[in-house]
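To keep things clear, I will list the structure first and then write my remarks on it.
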Amino acid sequence: MYHIISIRDFERSDLDYLLDRAQEFDTGNYRPGMLDDKLVALLFFEPSTRTRMSFATAMARLGGKSISVDSVEASSIVKGETLADTIRVISSYVDAIVLRHPKEGAARLASEFATVPIINAGDGAGQHPSQTLLDLYTIRQSMPVDGIDVGLLGDLRYGRTAHSLALALSLYGVTLHTIAPGGLEMPANIALELRERGMEVVEHPNVEEAIRELDVLYVTRIQRERFPDSASYYNVASSYRITTDLLDGVKERLMILHPLPRAGEIDPAVDRTPYARYFEQARNGVPVRMALLHEVMR
Ligand code: NCD
């Protein structure tokens, strides 16, 4: 486990191991100065609040330090520097690099030029493995992941959190229920890959039809920044919204998750129901990222 690029690189035992480690960090079962001689670079070439802050928090909690580049505009990329050169140089400064980039495949490319571990913090519409780990961690705190019914609602075409999570859930015998606005369905290659991994994938026309069957409803926002033009975005914008009315008759243990930020997909009134677990989910980013950072730098 040197680089953390894609959920495809993980076996179930790797995921379970990291989740167990996260649990230890969560319960304070660790030495606070574990990474006190380590430095991580946070290279974020796309907006981020939670991912960047929770990596920085995790690093600080382990006694390590972080340096960051927060925008393309403020970096030498505007001078025409390639990602390969940027990564080669930053590798010589730090002990690990956390990279978020708008292009799918960027983290994999970076790993080919890096001399330190790369952690993919989101590559375009590709993968977001650390998010998936905290999603699994949150589910596991309430119920065993094996064999449950998980609904993925929203932009399954461009949503990297949905892609990563679906692949991970295929290792746990989960039945996947997909609910996406027209044109934003799960890419055919990923849907095929999930079925080849033995996953049962059920498509639903709307969330009303699926919600009573679900143990977890994972809501995502429409990834507006990945749309080719604003007209195609406005065609699907506001096409789904979770409200308290929808929650009549759902399973008692239903968990509503969302990687955040939300942009109108969940009515704030839902926050006061016992089903809303997205803020707790965001909080879990810290112990999970402590486990990841420690794993790649120990
Ligand atoms: C997600 C992302 O960046 O993919 N955000 C996050 O890391 N929690 C989801 C999103 O932006 O919609």
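The values are calculated or read from the model by the stated rules, or taken from the named source; none is laboratory data. Quick caveat: nothing in here was measured; it's all calculated off a predicted structure. Positions of Cβ are generated from backbone atoms using ideal geometry, with glycine treated the same way; all protein chains shown enter the neighbour counts. Please note that ligands, DNA and RNA were not included when accessible areas were found on the heavy atoms of the full protein model with its side chains. Shrake-Rupley method; radii C 1.70, N 1.55, O 1.52, S 1.80 Å.
Structure values in brief
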{"quantity": "Viscosity 1.002 mPa s, 20 °C: Kirkwood-radius Stokes-Einstein D of the stretch 130-282 over Cα pairs, µm²/s", "calculated": "139"}
{"quantity": "Straight-distance crosslink candidates among lysines, where the alpha carbon sits under 25 Å from Lys251 and sequence neighbours closer than 8 are dropped", "calculated": "none"}
{"quantity": "At R0 = 45 Å, FRET efficiency that the Cβ-Cβ distance of Asp248 and Ala60 yields, to 0.05", "calculated": "0.55"}
{"quantity": "Semi-axes of the equivalent ellipsoid for the stretch 17-74, Cα gyration tensor, largest first, Å", "calculated": "25, 14, 8"}
{"quantity": "Heavy atoms of Thr51: accessible area, 1.4 Å probe, square angstrom to 10", "calculated": "10"}
{"quantity": "Accessible carbon and sulfur surface of the chain relative to its total accessible area, %, 1.4 Å", "calculated": "49"}
{"quantity": "Computed P(r) (all Cα pairs; the stretch 242-298; 10 Å bins; percent)", "calculated": "20, 42, 22, 13, 3"}
{"quantity": "Test item: Cα-centred dipole of the chain, Lys/Arg +1 and Asp/Glu -1 on Cβ, debye", "calculated": "760"}
{"quantity": "Cα→Cβ-extended label distance, 7 Å offset, between Ser232 and Thr49, nm", "calculated": "2.8"}
{"quantity": "Karplus-derived 3J(HN,Hα), 6.51/-1.76/1.60, for each residue of the stretch 153-158, Hz, glycine and proline x", "calculated": "10, x, 8, 7, 7, 9"}
{"quantity": "For Arg100, residues with placed amide H under 5 Å, excluding near neighbours", "calculated": "Leu43, Phe44, Phe45, Ala121"}
{"quantity": "Hydrodynamic radius of the chain per Kirkwood, over alpha carbon pairs, in Å", "calculated": "19.6"}
{"quantity": "Mean accessible surface per residue for the stretch 130-282, computed with a 1.4 Å probe while every protein chain stays in place, in Å²", "calculated": "41"}
{"quantity": "Sequence-separation-based contact order of the stretch 130-282, relative, with Cα cut under 8 Å and 6+ spacing, percent", "calculated": "25"}
{"quantity": "The stretch 74-204 - Kirkwood radius from inverse mean 1/r over Cα pairs (Å)", "calculated": "16.2"}
{"quantity": "Overall Cα dimensions of the stretch 22-110 - principal axes, largest extent first, Å", "calculated": "45, 25, 23"}
{"quantity": "Cut-off 10 Å between beta-carbons: net charge of the residues surrounding Ala56, Lys and Arg +1, Asp and Glu -1", "calculated": "+4"}
{"quantity": "Calculated [θ] (222 nm, deg cm²/dmol) that DSSP helices of n ≥ 4 give over the chain, each run adding -39,500 (n - 2.57)", "calculated": "-10500 deg cm²/dmol"}
{"quantity": "The chain - percent relative contact order, Cα under 8 Å, separation 6 or more", "calculated": "21"}
